[in-house]
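Note sheet for the following structure.
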4 protein chains.
Amino acid sequence: MSFAMREVVLLNARGKKWRIPVGEGLRTVRGVGQLKTDGLERLVGHSLEVGGRTYAVLEPSVRDQIETIHRKAQIIGPKDGAYLAFHTDLGAGDTVVEGGAGSGALTIALAHAVAPTGRVVSYEIRPDFLDVARANVEEAGYGDVAQFREKDITQGIEERDVQAVVLDLPEPWTALQVAKRALQPSGHFASYSPTVEQMRETVLALREEAFAEVWSVELLERRMEVGRGSRPAFQMLGHTGYMTFARRMVSA
Amino acid sequence: MSFAMREVVLLNARGKKWRIPVGEGLRTVRGVGQLKTDGLERLVGHSLEVGGRTYAVLEPSVRDQIETIHRKAQIIGPKDGAYLAFHTDLGAGDTVVEGGAGSGALTIALAHAVAPTGRVVSYEIRPDFLDVARANVEEAGYGDVAQFREKDITQGIEERDVQAVVLDLPEPWTALQVAKRALQPSGHFASYSPTVEQMRETVLALREEAFAEVWSVELLERRMEVGRGSRPAFQMLGHTGYMTFARRMVSA
Amino acid sequence: MSFAMREVVLLNARGKKWRIPVGEGLRTVRGVGQLKTDGLERLVGHSLEVGGRTYAVLEPSVRDQIETIHRKAQIIGPKDGAYLAFHTDLGAGDTVVEGGAGSGALTIALAHAVAPTGRVVSYEIRPDFLDVARANVEEAGYGDVAQFREKDITQGIEERDVQAVVLDLPEPWTALQVAKRALQPSGHFASYSPTVEQMRETVLALREEAFAEVWSVELLERRMEVGRGSRPAFQMLGHTGYMTFARRMVSA
Amino acid sequence: MSFAMREVVLLNARGKKWRIPVGEGLRTVRGVGQLKTDGLERLVGHSLEVGGRTYAVLEPSVRDQIETIHRKAQIIGPKDGAYLAFHTDLGAGDTVVEGGAGSGALTIALAHAVAPTGRVVSYEIRPDFLDVARANVEEAGYGDVAQFREKDITQGIEERDVQAVVLDLPEPWTALQVAKRALQPSGHFASYSPTVEQMRETVLALREEAFAEVWSVELLERRMEVGRGSRPAFQMLGHTGYMTFARRMVSA
C-alpha cells in the first residue's frame, strides 16, 4: 500500500478483525473496549493489550478491507474478487467499468488492481447501495480511484476503450451491447451470478454477440486445519457464484 | 497493459492459444502455418484466417501469458497465482520476494500485480530454472519489474522491509527466519505446497515463529459447460496445491 | 456374495482389472496373455504370475463388476449407484423399478441391494441397450434378480406397491405420474440427470405432484494419493450427475 | 423394509424429522405436540395435522434412522455409510466386523446392507458408547442383525472368514493384523478417519501387510437448491472423513 495509513486492523486470537481509524483520540470499539487511536500506526506488527485481551495490530490489506465491509447485501468476497480482477487482466493504470456497485466489495478489489493511476467507474441505480459503496470504498482508501454513477448501466456506458467491464447484475445479458461499445478491442468482459440460469443466459448472449473465448467457472475455497492432525475444515461455504468471462471482438 | 504490444495471441475455435511476436515479418508457427506478423497488433479484436482456419487475434493477458509459458516443471497456474498475489495484498509499487522461480509463472503473476513501479526479486538456485524463468518473464514484458538472483533463499534475503515474501519451495519452513527479517511489520508471508505434510510443517513453523493470522487453503476451479443443458465440466483438475498465509509480527 | 464364483478378477500392480470366467480351460485374455482358468477360484486371495507379470486374484465385488462392464453409453458408476440404492432405502427382498436400463450398471447396483430375494424390474425402449444390459447383469450373477421389459416406462409401469422407482431418463418428469401409481405410500423416487436443467424440471414436477421431501444432490469423489507426501489426486472426475430424491405421498 | 413398522417419521415443511413409535397411545413429542400414536402406520404416505401444523407421515428409511440417531459423538453419516457398505461389497447374508461402534450410525448402515440373514459384529471398548449404539440399532430394527462385543478389537477378532472388516478407530493401523486374520481371502478392509495423517498411516500399514488394491477417497456432498434459479446450496459440510479400502491377500 502506497498511501498513508489511516486505519489499522486489530486481530484477536480467534481470527476476528476490527478496523480502527488512526489518530482519532480515545475511542470505544464494540467488542474490544476503549483504546487510544493516536499513534496506533506505529504499533503495526506488534501486539496490543486492550481490556486484558491481546490483539495483533496489522496494516489493513485489501482482503481485510473487504472482509470488514459494511454490508448492504451479499458481497463478492476476496476469493471471487481476486479471480475477477486477475482474469480481466487489470493492472495499474487500467480503466474498468463495474455494473452494480452493491456494497462496494468488488469495487475495492478492482480499485486495488488498477490503483493508483487507473480508474474504476461504477454504475449503480439504487441510491442506498451507492451511499454504502461510496463510503466503503472511501474508507478503504480508494476514493480517488473509484468513481460512482447513479445510473442504469444497461442504458449506456459513457466510457470508451476500457480495459474491462465487470457486471454484478441480476440480468447481465441486458448490458452486453453497451459493454461491447465501451470495451477496447479484445477487452475483457466478466460477469458474476449466483444461479446457473443467469450464467447460462449470459454465456448464450455472449456467443450471440460474437464475443471470443466465452467461459464460465466457479471457485471453491477449502480451508485446511492443522491441529493434532491435518484435515479440511468442517465449515465451508458451499457456493458463492459463477463467473463468466469473454473477450470483445470487433463485429465484422 | 500499459506497454507497447510486442505479441498477440491467436485463439482458435477449440480454445487453443498461440503467442505470436509482432513485427517479425513472415513466420511459420507450428500448428498454425505461415503468417505475416507485421501489423498484427492492428488486428487485435478481429478475426484472422490462416491456412483456411479462423483465429481470434487478442492482446495477451497475464492469464494468456501464464498459460502459454515454456515449462520446465509444474507451474503455479492463474487460479493460485491470482489468489497468492491478492492475498499478499500486492499492488502497484510494492516489493515482493519470491523463493523458487520455477518456470516464472508465479513471477509473472506477482510482477503483474506490482507493475509498473514495484519490484519482484526472485531467488532460484537452479541455473536451468533461472534461464527459463528469466526468458518467460521477459517475453511476458516484465523484464524491468522482475529481478533474479541465483541464490539459495534460505541462506538469506538481501531485501529489507518488503511487502510480501512468497515461497514455492520443497521445504518452505527452512526459509521462515530469513523471510521474517526481510518482511516489513505485518508484511505478508505466503507459501505454496502440493502436499499436506508440507503445508502442515509450514503452518507449525509459522506458529513457532509467532507469525499472526496463519491459515491454509486450497482452491478448486470448476468449469461450467453450456450446451443443450448446463453442467459442470467432466474434466477437472483435482488438486494443485495448498496455499499458506501469515503476517509477520515483530518479536517481543 | 452368496453365489458360486463364476468369475475372478485379475488386478495388476497399476490397478487395472480383468474379469476372467472360471472353469473354461485355457484362455487368452487381451492385455494379460494365456492362462488356465480351471481352478482359478481357489487362487482367490493369492498372487498369480502370467507371462512374467504378477496379478492379485480377487473375488469380483459389485464395484469390480460395474467398473469392468461392457459399455454402450456413459454409465452410472459405483459412487452414484451406491448412493441411489442406499437413499431409496433398498434392502434384501425389496422390489425396485428402474427406468432406462442403459448398459445395466445401475441395474447391477440395485440388484446387489435387493438380492437375493428382491427384484429389479428394468424398463428400456432401445433393444440394443437391453441386450447389453441383460448380458452385463447376467454376467454379474444377477440374472435371477433383474427382469427386463422392452417398454417405454412413461407409457406405464405394471408393478404396484414397489419400494422405489429409479430413473435414468433424458426427461424423468414425463414418468412421474406412472412412478407415483407404482410406488407404495411413502415409497422412494430417485432420478439421475447430468444437467442442471433436467434436475430442475424434475424437482419442479415432483413438487407439482405433491411428493414429499424433494431434494437434489451431487457427489464429488476425491481420491487421495500417498507417496512421499499425501495429497488429493491431480486427476479427478469433475462431474457425473445430479441425483434427485422424493417420497411418494397419497394424493388427498 | 421387511419388518413390521414400529415407528413412523413425521416430516415438517422445513425438512425437520421426528421418529415416532407406533401404538403407544397418546404421546407428547417435543417440537410437535400431543398426538395419538395408535394406527399411525396406516397414515404412512398421508398428511397429518398436529397443533395446526402439517406433517408428512413416512416409513422410516435407513437414512431417516441415521439422521435421527441419538448421538454420543460425531457419527458416520449416510453419505459415507452408504459408500463404505457398497465398496466393501456387503449384501444380504454377509458377515461384517465393525471396529468402534460409536453411536451405532455406521452399524445401522452395515446392518441394513447385510439384513436380514447376515450379521454385523461390532467391537467397542467404551461401555457408554456400547449402550447408546445398542439402543440406536435396536430402535432402528436391526437388533437381530447386529451383535456387540465390549472388547478392544486390536486384541483380537473372534470371527473368521468374514466378508469385510470396517474400522472407525483413532489408530486403525493397530488393528490390521487382527483384521487380516478375520478376513476371508480377498475380503474387504475399510477404514474411516477424519485426518490425513490417520489416512496415510493406514495406507502405509496396509501396503506393509501386503493388502491388495489399497486406495483412499473422500466424498463431498453438494446439495442443489431450486428456487427462482438453480444453484448449489450456500451451506455445505466441508469435510467428514477419508475412507481407505483394501483387499486381504493370503501371505505367501
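The values are calculated or read from the model by the stated rules, or taken from the named source; none is laboratory data. Everything quoted here is computed from the prediction, not taken from an experiment. Positions of Cβ are generated from backbone atoms using ideal geometry, with glycine treated the same way; all protein chains shown enter the neighbour counts.
The single condition among (1) of a type in the set (Ser, Thr, Tyr); (2) more than 28 Å from D:Asp89 (Cα to Cα); (3) in contact (Cβ under 8 Å) with a residue 60 or more places away in the chain that C:Thr174 does not satisfy is (3). Filtering the stretch C:242-252 to residues that are surrounded by fewer than 20 Cβ atoms within 10 Å (Cβ to Cβ) and either within 9 Å of chain B (Cβ to nearest Cβ) or among the aliphatic types (A, V, I, L, M) (or both) leaves C:Val250, C:Ala252. Filtered by the rule that a residue be under 19 Å from A:Glu7 (Cβ atoms), at pLDDT below 95 and not β-branched (Val, Ile, Thr), the stretch A:66-81 gives A:Glu67, A:His70, A:Arg71. Count of the stretch D:172-197 residues, restricted to those that are within 11 Å of another protein chain (Cβ to nearest Cβ), assigned to a helix (DSSP H, G or I) and either in contact with a Leu (Cβ under 7 Å, 6 or more places away or on another chain) or buried (at least 24 other Cβ atoms within 10 Å of the Cβ) (or both), is 1. With respect to the conditions (1) surrounded by fewer than 24 Cβ atoms within 10 Å (Cβ to Cβ); (2) more than 14 Å from chain C (Cβ to nearest Cβ), D:Thr107 lacks only one, and its number is (1).
The lone criterion from (1) farther than 30 Å from B:Gly99 by Cβ; (2) out of contact with any helix residue (DSSP H, G or I) (no Cβ under 9 Å at 6 or more places or on another chain) left unmet by B:Gly23 is number (2). One residue is enough: does the stretch C:34-48 have a residue meeting the conditions assigned to a strand (DSSP E or B), of a type in the set (Ser, Thr, Tyr) and modelled with pLDDT of 95 or more? Looking for residues that are assigned to a strand (DSSP E or B), of a type in the set (Ser, Thr, Tyr) and modelled with pLDDT of 95 or more, one finds at least one in the stretch C:34-48, hence yes. Residues in the stretch B:85-138 that are among the polar types (S, T, N, Q) and assigned to a loop (DSSP other than H, G, I, E, B): B:Thr88, B:Ser103, B:Thr117. Quick check: is even one residue across the stretch D:81-95 under 18 Å from D:Met243 (Cβ atoms), more than 10 Å from chain C (Cβ to nearest Cβ) and surrounded by 24 or more Cβ atoms within 10 Å (Cβ to Cβ)? No; the residues of the stretch D:81-95 include none that is under 18 Å from D:Met243 (Cβ atoms), more than 10 Å from chain C (Cβ to nearest Cβ) and surrounded by 24 or more Cβ atoms within 10 Å (Cβ to Cβ). Note on the stretch B:213-241: residues that are among the hydroxyl-bearing types (Ser, Thr, Tyr) and either assigned to a loop (DSSP other than H, G, I, E, B) or more than 8 Å from chain C (Cβ to nearest Cβ) (or both) total 2. Once the stretch B:9-21 is narrowed to residues that are in a loop (DSSP other than H, G, I, E, B) and under 26 Å from A:Ala182 (Cα atoms), the residue that is nearest to the other protein chains (Cβ to nearest Cβ) is B:Gly15.
No other residue among C:Ala233, C:Ala205 is surrounded by fewer than 21 Cβ atoms within 10 Å (Cβ to Cβ), over 24 Å from the mean Cα position of the chain (by Cα) and either among the basic types (Lys, Arg) or in the same structural domain as C:Val97 (by TED's automatic domain parsing) (or both) apart from C:Ala233.
Is it true that B:Lys36 is touching a residue at least 12 places away in the same chain (Cβ under 8 Å) and either buried (at least 16 other Cβ atoms within 10 Å of the Cβ) or over 18 Å from A:Pro185 (Cα atoms) (or both)? Taking the combined requirement at face value, the residue does not satisfy it. Here D:Gly156 fulfils each of the conditions (1) more than 11 Å from every other protein chain (Cβ to nearest Cβ); (2) in contact (Cβ under 8 Å) with a residue 60 or more places away in the chain; (3) surrounded by fewer than 21 Cβ atoms within 10 Å (Cβ to Cβ) apart from (2). Taking D:Gly229 as the residue in question, decide whether it is touching a residue at least 24 places away in the same chain (Cβ under 8 Å) and in contact with a helix residue (DSSP H, G or I) (Cβ under 9 Å, 6 or more places away or on another chain). When the stated conditions are applied, D:Gly229 does not pass them.
Taken across the stretch D:199-209, residues that are in a strand (DSSP E or B), more than 13 Å from chain A (Cβ to nearest Cβ) and more than 19 Å from C:Phe245 (Cα to Cα) do not occur at all.
Within the stretch B:53-75, being within 14 Å of chain A (Cβ to nearest Cβ) and either outside any helix (DSSP H, G or I) or without any contact (Cβ under 8 Å) to a residue 12 or more places away in the chain (or both) holds for B:Thr54, B:Tyr55, B:Ala56, B:Val57, B:Leu58, B:Glu59, B:Pro60, B:Ser61, B:Thr68. Of the residues that make up the stretch A:26-33, is at least one touching a Leu at 6+ places or on another chain (Cβ under 6 Å), part of a strand (DSSP E or B) and not assigned by TED's automatic domain parsing to the domain that holds A:Thr117? No, because not a single residue in the stretch A:26-33 is touching a Leu at 6+ places or on another chain (Cβ under 6 Å), part of a strand (DSSP E or B) and not assigned by TED's automatic domain parsing to the domain that holds A:Thr117.
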